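In what follows, a structure is listed as structure tokens, so that the remarks can point back to it.
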There are 2 protein chains.
Amino acid sequence: MKHDRNIYLSNMALNEAIELYTSACARGEISLEDEVLQTVEALGRVTAEPVFASLSAPWFNASAMDGIAVNAASTYEASERRPVVLTKGKDYIIVDTGDPILDPWDAVIMVEDLVDLSEEQVEIRAAVSPWENVRPVGEDIVAGELILPAYHRITPIDLGALLSGGVNAVKVLKKPRVAILPTGTEIIEPGTPMEMGKIIESNSRVFEGTVIQCGGEPIRLAPVADDYPLLVETVKKAAESSDMVIIVAGSSAGTEDFTSRIVAELGEVYVHGIALKPGKPAILGKIGHAPVIGLPGYPVSSWVVFDTIVKPLLYTMQHQRPLQRPTAEAVLSRRLVSSLKNLEVVRVKLGKVGDKLIATPLNRGAGVTMSLVRADGLLEIPQSSEGFEAGTKVPVRLLRPIEEIENTVVVIGSHDLVIDLLADQIHTKWPDSGLSSAHVGSLGGVMAIVKGEAHMAPIHLLDETAGQYNMSYVKKLFPTFKGYLIRGVKRTQGLMLPKGNPKGVQGLEDLTRVDIRFVNRQRGSGTRLLLDHNLKIRNMDSEGIQGYDREMTTHMAVASAVASGTADVGLGVRSAAALTGLDFIPVGDEAYDFLVAESHIQALPVKRAIEALRSEAFKNKVLALGGYGVENCGEVITIE
Amino acid sequence: MKHDRNIYLSNMALNEAIELYTSACARGEISLEDEVLQTVEALGRVTAEPVFASLSAPWFNASAMDGIAVNAASTYEASERRPVVLTKGKDYIIVDTGDPILDPWDAVIMVEDLVDLSEEQVEIRAAVSPWENVRPVGEDIVAGELILPAYHRITPIDLGALLSGGVNAVKVLKKPRVAILPTGTEIIEPGTPMEMGKIIESNSRVFEGTVIQCGGEPIRLAPVADDYPLLVETVKKAAESSDMVIIVAGSSAGTEDFTSRIVAELGEVYVHGIALKPGKPAILGKIGHAPVIGLPGYPVSSWVVFDTIVKPLLYTMQHQRPLQRPTAEAVLSRRLVSSLKNLEVVRVKLGKVGDKLIATPLNRGAGVTMSLVRADGLLEIPQSSEGFEAGTKVPVRLLRPIEEIENTVVVIGSHDLVIDLLADQIHTKWPDSGLSSAHVGSLGGVMAIVKGEAHMAPIHLLDETAGQYNMSYVKKLFPTFKGYLIRGVKRTQGLMLPKGNPKGVQGLEDLTRVDIRFVNRQRGSGTRLLLDHNLKIRNMDSEGIQGYDREMTTHMAVASAVASGTADVGLGVRSAAALTGLDFIPVGDEAYDFLVAESHIQALPVKRAIEALRSEAFKNKVLALGGYGVENCGEVITIE
């Protein structure tokens, strides 16, 4: 073993770590320099000092109307009964809105109130007061007046006020320069030919984007391998020439140790190891004036640390209020167990079903980027909590606007690739709508419908006695259930095998062969039921199947296990086999339909989903996948 | 008169105009072309089609831990009682997190579970199952799986998923190219020497910024004078080479007519004149496929039309849900009267006083850009409504985060320049705080405190009998009031006169001279009371003062009227005279203090304001203005 591995990190509470680090950074005066920019270039920048107008707006008394400029005294006698006639040049001049009103004129009569007598004369029937219909100098801005306070982020309308106020250049804070250093011998740049063990470097690109969104200037450095002297040199230079340094660790522990040692050697490490999941092995340090943060290598871990600690620091450096996401109260659809060892950040899908906002936890793995891509919100399980029971009301920080979430159709149940196509179809047709899905299997889907936690449950449940799919199964399970079945697709399930079927699998009977490693679906999934049904009619014992306990939650995950050689066979839909280049032996056709409760059939998201199911665009995409039938797709059948 | 002026516009209801125009634009297929970008360049862009993974992530079975890779079968016998010894090379290899797990290995034991016996041998006390502690191929993303749907705006984390999924280039919508054409003979570019009648062109810069924020690409064209043939040519070219054209009208009616005629000549005008205030004279048309919008010249009018009509269209072109600002229910602090002729958009300041969100209307002038700069929210008065009484609950669309508004100290009462300095001081010290002020005069301020609509009321109220400021006045007015007086500044009021005092004004006695035009403050302001008190003790009649009825609401507005020559004298504070370069004859010193009700003295925004008042930084800035005393500034005195 490598005895120099530092496997023990501290486990500092998140709040404590943030407080310690923030005050350490404040001691180092993490202030930004300022610079003078042309106002027209200053959108989104932060003022470094209060900005005062150098010119009044308007800067001359200006007509507020189209009409004629007069001297108010010459109109005092005018009335309905005794109109006054004014002569051009002598008594008035024609003015447009914005024209200057200069001596001897001191008021404007608008064009609608004039009776034209000739090109040279008008009649008026009412008097005007001095300065009536005149925008006085400084009506908008008075020279010397404050336009913007210090530390204000300049908006488009601010640009208008600054320019109108004669401010053509403005002193702003320089953007915080954030050096981002990807490290690790195993990382390669996107587009490089793949080599076993190499990982595409993508974390630094995520932080580049986030730094831009926080108003900073990212400086992505070339990736550096796990070479201690080279890393020291690179980090030292980065700390000298930027306002903050982000070291993106390779995923190996070796690299991580390097980071901590390097920061300690060049500056100071305040925190190494936070009671935060994912995100524990973070390093918070400082070199000179520059905060230096070592992020863990797993993408979700590093994102959580960046979001929780680095982002607020970036805002604070710019004297801006750290971004606070709006929160909403949601009902948890599944039990969540968490350790007392740490605060956990769980990514959740959200959907409004009836009057409840339902939160469904996504994959909690630190390496599952897609859990963040798909997330609608973040749920924190405090360090002091062991988790929440299903049905608990929990606060969720929103990652998307709540209006968008409210238009989302919540689909919980069996997995099929057509769900992605349906999601795409809905979002394409209605940009303010979407589809949120959780793969819990058909039975889990039925339960979600019964508990009012989903709009639609995709199911494929074979009633063994009736030999029929879905309708009779649901009626047997919940005889009093009132609702509808929306016809989805016909699909073919079968054995997925490596290309060329090297082990010569012929059918389900081969699953008990000693040289065959199976990969299964989770309990409650329709595919698992289909397998068990088929084992039963063949009098086969699941005990004899190697890998029967290895459970995956999607067809694609099963296909992937077979494709990568960790299993020899799995059961799933033809489209998944086709997409992953596998051989396929059909086992049976089935109906993949959507269960909807009576109370939700009129909900807007459900109506849109049905419209999308019926669309030719959707059906064509499904057919293009292969292995599906789309007859009756979108048909609504009452369950009675 | 110019008889070719088109002074009559239609008055189409806003919703009707939007519906008509949106469907007209949809008919013209206002779709954007797409382009293929490197993924690393695609932040913030909108996907033009669904994006599927071309590589699984991880793409090999990878160790999820630091530890040793083993064949699970070799560990089955291990237990606490009967440890198993494994030999390096034969039974295991050392792996770091992320290392590939290849045949014959199929599981990982983490380093924490190992007992090192030697460099070559470890002892284990528990078995592992096949694929335990191994991230399977596709754990994050399976090749072929959907990463992003079509028409999705790419976020930083999406970049990570795309790159990990082997997607190095992505098809996105081209940014909508928005040509912005400033027009008008009277406009000049910022920085150009000023000439009487010329206006600094700033609207186009506001829309440049807004287009960027909406994901578009602004193309600001060089300003064009009111020259019909030149305008026709410029608009034609712009419509041919961009996805949308914004014509920023000069403020003259002539130009506006040009715009409508030009659009009608080159394409079609759907709407000219909307029942919207400000914003009525908008033009909605189309030339070829490009929507062409003629905006009114007044900055607030054009902003409202852009915000209400152009922005949603820009989002729709990108298949994005139009931005919807969060709304909050607020209590209106003042009566608002509006015409049945149109829907009115009123800019409001907001503040949380006690448990009520208070909305105070800002200047409703179409030319007052600062009303938008200062606004916290927008209040719509429907066309069917004649307005709202004070105290009505109204929905306000928020322009700032509600948390920021909740930390804002609401200051309603008398105006002084030190309020701007106090606002700046608070925001500098606490980036999540601010100061919101409304200038309603001292008496208005006292009423706001009594009604619970403000945290602090700046007042300077002379009790004529006691010869004392503020304390005794408030006690006489509201004998049962419980609260505090926070000491503010001592300041000098006096006559503000043009530089050199050309009319030889000596004192208040001169106000009744026939050659003197006075400019007054509004009723209820302390300065007006000060004037009236002084007139009274001099036995002077206000009837004899020319301009006594001309009311301004701030010292700066009065100073500006004198500086611009529309008045010969005004009464106000020394600092305003100094800032505008006026002469000053002192009339008296007074105390400008802050009234606070007992129930709000402990509110965070008030505590912060008091701390800011007491700070040396604030006092120094006040002293630098000139004409102020800061002794006891921030001292809290109980009213009893």
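The values are calculated or read from the model by the stated rules, or taken from the named source; none is laboratory data. Just so we're clear, the structure is a prediction, and the values are computed from it rather than from any experiment. Cβ: placed from backbone, ideal geometry, glycine included. Neighbour counts: every protein chain shown. With ligands, DNA and RNA removed, areas are computed over all heavy atoms of the protein, side chains included. Shrake-Rupley method; radii C 1.70, N 1.55, O 1.52, S 1.80 Å.
Before moving on, here are some points about what is shown:
- Estimated vicinal HN-Hα couplings, Hz - segment B:456-472 in sequence order (Karplus 6.51, -1.76, 1.60; Gly, Pro = x): 9, 10, x, 9, 9, 10, 8, 7, 4, 6, 6, x, 10, 8, 6, 3, 6
- Drop in accessible area of at least 20 Å² in the complex versus isolated chain, residues of segment A:428-466, 1.4 Å probe: A:T428, A:P431, A:D432
- Selection from A:S564, A:I274, A:L336 lying farthest towards where the dipole of chain A points positive, charges on Cβ: A:S564
- Against the empirical curve 2.2 N^0.38 Å, the C-alpha radius of gyration of segment B:430-471 lands at a ratio of 1.42.
- Protection-proxy order for peptides B:375-386, B:165-176, each taking the mean of Cβ atoms within 10 Å per residue, highest first: B:165-176, B:375-386
- For A:G434, nonlocal amide neighbours, meaning residues 5 or more places apart or on other chains whose placed amide H falls under 5 Å from its own, are A:T408, A:V409.
- Whole-angstrom Cα spans of segment A:328-399 along principal axes, big to small: 36, 25, 17
- Those residues of segment A:126-141 for which accessible area with every protein chain present is at least 30 Å² below the isolated value (1.4 Å probe): A:W131, A:R135, A:V137, A:E139, A:D140
- Among B:I459, B:G544, B:L511 - extreme Cα towards positive end, dipole of segment B:419-546, charges at beta-carbon: B:I459
- Paramagnetic label zone (point 7 Å from Cα along Cα-to-C-beta, B:S542; backbone N under 16 Å) in segment B:488-521: B:511-512, B:518-521
- Percent carbon-and-sulfur accessible area, segment A:62-135, ignoring ligands, DNA and RNA, probe 1.4 Å: 49 percent
- Segment A:439-639 - Rg (one decimal) and Dmax (whole number), Cα, Å: 17.4, 53
- For segment B:185-229, the normalised intensity computed at q = 0.20, 0.21, 0.30, 0.32 Å⁻¹ comes to -0.74, -0.78, -1.06, -1.12 (log10 of I(q)/I(0), Debye sum over alpha carbons, equal scatterers, no solvent).
- Extent along the principal axes, Cα only, for segment B:203-242: 33, 21, 10 Å, with the longest axis given first.
- Here segment A:1-160 is described by how far its Cα atoms reach on the three principal axes: 107, 27, 24 Å, from widest to narrowest.
- Relative contact order computed over segment B:438-480 (Cα-Cα under 8 Å; 6+ residues apart), in percent: 26 percent
- When the other protein chains are added to the chain by itself, burial of at least 40 square angstrom of heavy-atom accessible area (probe 1.4 Å, ligands and nucleic acids ignored) affects these residues of segment B:511-556: B:R550, B:M556.
- Per the Cα gyration tensor, segment A:337-490 maps to an equivalent ellipsoid with semi-axes of 29, 19, 14 Å, ordered largest to smallest.
- Across segment B:442-639, Cα pairs under 8 Å and at least six residues apart give a relative contact order of 36 percent.
- Inter-copy separations for A:A13, label at 7 Å along Cα-Cβ, nm, ascending: 5.8
- Accessible surface of segment A:328-399, 1.4 Å probe, proportion on carbon and sulfur as whole %: 49 percent
- Carbon plus sulfur fraction of accessible area for segment B:442-639, probe 1.4 Å, in percent: 52 percent
- Equivalent ellipsoid, segment B:62-135 (semi-axes from 5 times Cα gyration tensor eigenvalues, Å): 17, 13, 11
- Over the C-alpha trace of segment B:325-366, radius of gyration and Dmax come out as 11.6, 36 angstrom.
- Chain A and chain B together bury an accessible surface of about 9600 square angstrom, both sides counted, with a 1.4 Å probe and no ligands or nucleic acids included.
- Placing a label point 7 Å from the Cα of B:D463 along the Cα-to-Cβ direction, the distances to the matching points in the other copies come to 8.8 nm, shortest first.
- Dividing the mean sequence gap of close Cα pairs (under 8 Å, 6+ apart) by how many residues chain B holds gives a relative contact order of 11 percent.
- Residue-normalised accessible area of the protein assembly as shown, given per residue in Å² at a 1.4 Å probe: 39 Å²
- Around the amide H of A:H152, modelled in the peptide plane, lie the amide H atoms of A:T47, all under 5 Å away and 5 or more residues distant in sequence or on another chain.
- Overall shape of segment A:106-258 was characterised from the C-alpha gyration tensor. The equivalent ellipsoid obtained from it has semi-axes of 66, 19, 10 Å, in decreasing order.
- Divided by 2.2 N^0.38 Å, where N counts the residues, the Cα radius of gyration of the protein assembly as shown comes to 1.08.
- Residue-wise HN-Hα couplings along segment B:335-340, as the Karplus relation 6.51 cos²θ - 1.76 cosθ + 1.60 with θ = phi - 60° gives them from phi, are 5, 10, 9, 9, 7, 6 Hz; Gly and Pro carry x.
- Percent of Cα-Cα distances greater than 17 Å, calculated over segment A:542-640: 64 percent
- Applying the Karplus relation 6.51 cos²θ - 1.76 cosθ + 1.60 with θ = phi - 60° to segment B:530-536 yields 3J(HN,Hα) values of 4, 4, 4, 4, 5, 5, 4 Hz, where x marks Gly and Pro.
- Which of A:F481, A:V409, A:T492, positive extreme of dipole for segment A:378-514 (C-beta unit charges): A:T492
- Against the rule of thumb 2.2 N^0.38 Å, how large the Cα Rg of chain A comes out: 1.34
- Centroid-to-centroid separation of segment B:517-557 and segment B:210-246 [C-alpha atoms, Å]: 49 Å
- Overall, chain A carries a charge dipole of about 2860 debye about its Cα centre when +1 sits on the Cβ of Lys and Arg and -1 on the Cβ of Asp and Glu, all other atoms neutral.
- Label-point spacing at B:K171 relative to the other copies reads 5.2 nm, in ascending order, each point sitting 7 Å out from Cα along Cα→Cβ.
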